[in-house]
Structures are given as C-alpha cells and as structure tokens.
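The values are calculated or read from the model by the stated rules, or taken from the named source; none is laboratory data. Here the structure is a predicted model, which means the values were calculated and not measured. A quick note on method: Cβ atoms are made from the backbone with ideal geometry, for glycine too, and the neighbour counts reach across all protein chains shown. Keep in mind that these areas ignore ligands, DNA and RNA; they rest on the heavy atoms of the full protein, side chains included. Shrake-Rupley method; radii C 1.70, N 1.55, O 1.52, S 1.80 Å.
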There are 4 protein chains.
Amino acid sequence: MDKKAERIGEEYFRCSDRERTAFELGIKLGALFHQFVGAPVSKRNMDVLERAIEKTIESQAFVTRVEVHIDPRGYLESSDSVFHEYTTLSGDMIDAKVELEYKGIKAQGRLRYVEELDYPLMYIESLG
Amino acid sequence: MDKKAERIGEEYFRCSDRERTAFELGIKLGALFHQFVGAPVSKRNMDVLERAIEKTIESQAFVTRVEVHIDPRGYLESSDSVFHEYTTLSGDMIDAKVELEYKGIKAQGRLRYVEELDYPLMYIESLG
Amino acid sequence: MDKKAERIGEEYFRCSDRERTAFELGIKLGALFHQFVGAPVSKRNMDVLERAIEKTIESQAFVTRVEVHIDPRGYLESSDSVFHEYTTLSGDMIDAKVELEYKGIKAQGRLRYVEELDYPLMYIESLG
Amino acid sequence: MDKKAERIGEEYFRCSDRERTAFELGIKLGALFHQFVGAPVSKRNMDVLERAIEKTIESQAFVTRVEVHIDPRGYLESSDSVFHEYTTLSGDMIDAKVELEYKGIKAQGRLRYVEELDYPLMYIESLG
C-alpha cells in the first residue's frame, strides 16, 4: 500500500479523522445501495448476489468486513409465473453491515429496513 | 411456470418469435452492462463478481446460460496505492456470453470489447 | 457518422436486419431500466429526471426518439416526513417509449407496468 | 416535514451530530457516483444529465445544493463514428459539489478527479 498517495489524499480533507471515518462509511453504504438496487434477484442467485455485494464493498478503501442479507420480503412467493420467478432488488430487501477502520478508528454502519419508519435507513452503529 | 401469464405477455408483442428472441437478448445485455458498470472491482472480488453477474442474468426470463469474464485491462496493475487496489468496472473489461431460448428458438448474444472498433460491442452470435 | 465503423460492426451480427433492429430495441430498454432504477425521485426532480432519461437513451446508437413518464404510484403521497419526500425509482413507475431506426426499419419499444401481469413489461409495439 | 420521524431516525445513530453530517455527505457522494456512472453521455445530453444528477441528489435528505459538471475528457472527440458519438459516464469525468445542512451544521463535499492521485476522489471541503 502506497502511504504517500494516502497522505496526499488526506490533505484534501477539512475535517477530523473521526469525521472522515463517518464520511467513508457513508460513501460505502451509498455505493452499496445505488450500485445494486435494480439488480434481478431470484432464489437461484440470492446467495451469490449477497457474496458479490460483500466482496465488492470489501474491496473499497478502509473497509474491513461486510455482511449482507437479502430478504425478498414476499415478492418471490406471490406467484409462480415466469414474471415472478425473479424480482428487482430494492432497498427494503437489504440488511447490510459495513465495518471499516481509518487511522485506528473503527466504525460500523448499517443499512436496513426500519419498520417504524417504513424506510431503509442508513446509520452509524458504532464509531471509535 | 405460469403459462397463462406468459401467453398474456405475448399478446403485447407486434413481431415474430425470432424477433422477440433477438429483443430478449438485447434486454439482457443492456441490463448486464448498465446494472454492473461502475461496481468496484479488485483482484479480491473479481471471481465472485463474475459469478454474481452470471447468476443474476441467468435468473431473468428465458435465459439458459451466462458466462462472464472480467479483464481489468491493466487498471489494477498500474499502482499499488490504496487508490489503485481497486478500480471501477467499465464496459471494455467485460466479456459476456448470454444464451437464451424462447419458444424453441435458441440464441446467443455477446458483449465484448472489439479492438478494431475500440468499443464494447453487443451483438448476436447466433439465432435460431 | 463513420459508415466504415458501422459496416465493421455489422459483420459481427449473425441475424437479419429486422432481428438486429429488435435486438437494439431490447438493449435500449434494458439499459434504461437498469441505469435509472434506484435513483432518488421526488416531486422536485421528476421532470428533470424524465428529460434526462429521454436524452440519455436518445444519445444511443440508432435511437430517434424517447418519451418517458414517471408515475410515483402513491409512494410520494403516503407521508410528509423527511423520509418520504422522496422515494426510489422502481420499474413499475416508468412508462417509456423508445423509437429507433436501423437501415430504414423503424421500430417502437415500450416499458410499462401491465396491470394484468402485475409486472413492468418490456415489449415491441411495432417493427418495420 | 415530519419532525417526529426525524427524531425516531436519530435514535439509531451512535455518533455526534458533526459525524452524522459527515456520514450523510458520504452517502450522497457514494449515491451520485454509483447511480450515474455507466450512463450514456453525449454532447446532446450532457447538460440535461448534469441537471438531473443535481436535482436527483438535491432531493435527498438534508441536501441544500448540488452542482455538477461533466467533462468527457476527450472521449467524445476521438472519433466521429456512430460508436463514438457517445461514451459512458465514468467517475473521472464528474466534478460534483454537494452542500448539506444537518441540525445547523453546514458541510460541503466534493467528488472530482485529482490529477496527482490519478483518481476521482471524494472528500470533505468544509464541515461546520
């Protein structure tokens, strides 16, 4: 890993290391959602799609671990026609945990559907 | 598989079965490209991303088989900084074969970078 | 327009001109869906998003005209919280017509939610 | 705007308001990149695509202003064939400023290609 490039990158930031850690977590959750929502999802590809999302986000800067579960929330059971063997990945089907570490500061972010908000919320579960 | 739903769907089409087969092939290649281009890609996730693209497109209507190879085309070797351990999937890195069958008509489509065009071309390799 | 490049491209195809026209239509509808599904949509950006989808797909090879209407289908009216001022573009909100012409063959494709299938169907409305 | 829903959302966060502000900025830049990279871009749609990205991200929670410039960086001038009238939006073509405000804390984030890193960097230009 090229420490010089990392130091150059740092100079662009006008915030604390903790704030940058939070920012990096936000980037990863925003990326995860907007890259994969819309993907066709079926019983046949659910596992491999979960692993691909995990490995894809794990390959980004500072990420140490990603865990993804897809819950099709009834969309795949409603019918057995050719049109309903698969559905489209939506934000409320995703439960994702992203862990990263920047300059020794560990943080965990989460994307999951929150019942009381009826909304797929991205939030910080722990920082530092 | 619900044959009735399929028959209802058919009634919307104003074309021959062979033309619909070509159309379905186009949908799948357009979907593959625009769903996954932009995804972070690294040596660590290349394999799992290839499998995920395959299984994702295989889960769509009428598809029988998909084969995907990602060639990062030098982008991952140019540096070893934190910023260059991964890159972004672009169309010219993808070689994808999609096979499908509609009403007994088999077809194979391809997306691959064509040197003489300097362009990732989507085309029909065989039909019927 | 470089006719030579177009002729080179043609040589890769193993199908009739009508079948290629159908294939190109499929590519555009697959692209439209998978590029834009997942985008945040609100009352404030609906118009500009429709125009952007139109101009984006119109800029692709052989396309002559695109018309897009987004119908948020109740998602934006259900609440007035910060979480419900916008929603995520899904396939069943889109009504898109794509017209293209390849070698004098005119074709029109459509993506729209079909009530009786409970599904956003892509189909060929006219060809040749 | 439903203050109650916002308060419920807040309870999920384990961080300071400034850190959440940084996190929200990261989400928006990650979303912008991964939603729109891969979109077809040509001289004909560049303006409308810039406006659509701006309005789309502006419609997200807490965002006050977005400014986007697309620089095709030579890709559109290299040829005049049908295959080169448009190209695919990549991260290094985008210069985006995102301003948001959370609980009175103003912040500005940026995505732009940084020459010395040869990389499209997302960073915080100001916070608080």
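Structure summary
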item: Candidates A:Leu111, A:Leu76, A:Leu117, filtered to the one that is open to solvent by less than 40 Å² (accessible area, probe 1.4 Å), modelled with pLDDT under 95 and closer than 20 Å to D:Glu11 by Cβ; result: A:Leu117
item: Residue match in region C:82-90 (condition: part of a helix (DSSP H, G or I) and open to solvent by less than 40 Å² (accessible area, probe 1.4 Å)); result: no
item: Qualifying residue in region A:111-120 (condition: assigned to a helix (DSSP H, G or I) and not acidic (Asp, Glu)); result: yes
item: Single match in D:Glu24, D:Glu10 (criterion: open to solvent by less than 50 Å² (accessible area, probe 1.4 Å) and out of contact with any His (no Cβ under 9 Å at 6 or more places or on another chain)); result: D:Glu24
item: Top-ranked residue of region D:1-59 - restricted to ones that are part of a helix (DSSP H, G or I) and basic (Lys, Arg), ranked as farthest from the other protein chains (Cβ to nearest Cβ); result: D:Arg7
item: Neighbours by Cβ (under 7 Å, 6+ apart or cross-chain): first from region A:1-27, in contact (Cβ under 8 Å) with a residue 40 or more places away in the chain; second of a type outside the set (A, V, I, L, M, F, W, C) and assigned to a loop (DSSP other than H, G, I, E, B); result: A:Asp17/A:Lys103; A:Arg18/A:Gly128
item: Any chance A:Ser42 is more than 23 Å from A:Tyr86 (Cα to Cα) and polar (S, T, N, Q); result: no
item: Among (1) open to solvent by 30 Å² or more (accessible area, probe 1.4 Å); (2) more than 14 Å from chain A (Cβ to nearest Cβ) - the single one D:Met93 does not satisfy; result: (1)
item: Filtered residue count, region B:60-73, keeping only those that are surrounded by fewer than 21 Cβ atoms within 10 Å (Cβ to Cβ) and away from chain C (no Cβ under 14 Å); result: 8
item: The listed residue being of a type in the set (Lys, Arg) and within 24 Å of B:Ile94 (Cβ to Cβ), out of D:Arg73, D:Arg14; result: D:Arg73
item: Residues within region D:30-54 that are open to solvent by less than 10 Å² (accessible area, probe 1.4 Å) and closer than 19 Å to A:Lys97 by Cα, tallied; result: 2
item: Options C:Glu85, C:Glu6, C:Glu10, C:Glu54; residue that is of a type outside the set (S, T, N, Q) and under 21 Å from the mean Cα position of the chain (by Cα); result: C:Glu54
item: Enumeration of residues in region B:107-128 that are away from chain C (no Cβ under 11 Å) and in contact (Cβ under 8 Å) with a residue 60 or more places away in the chain; result: B:Pro120
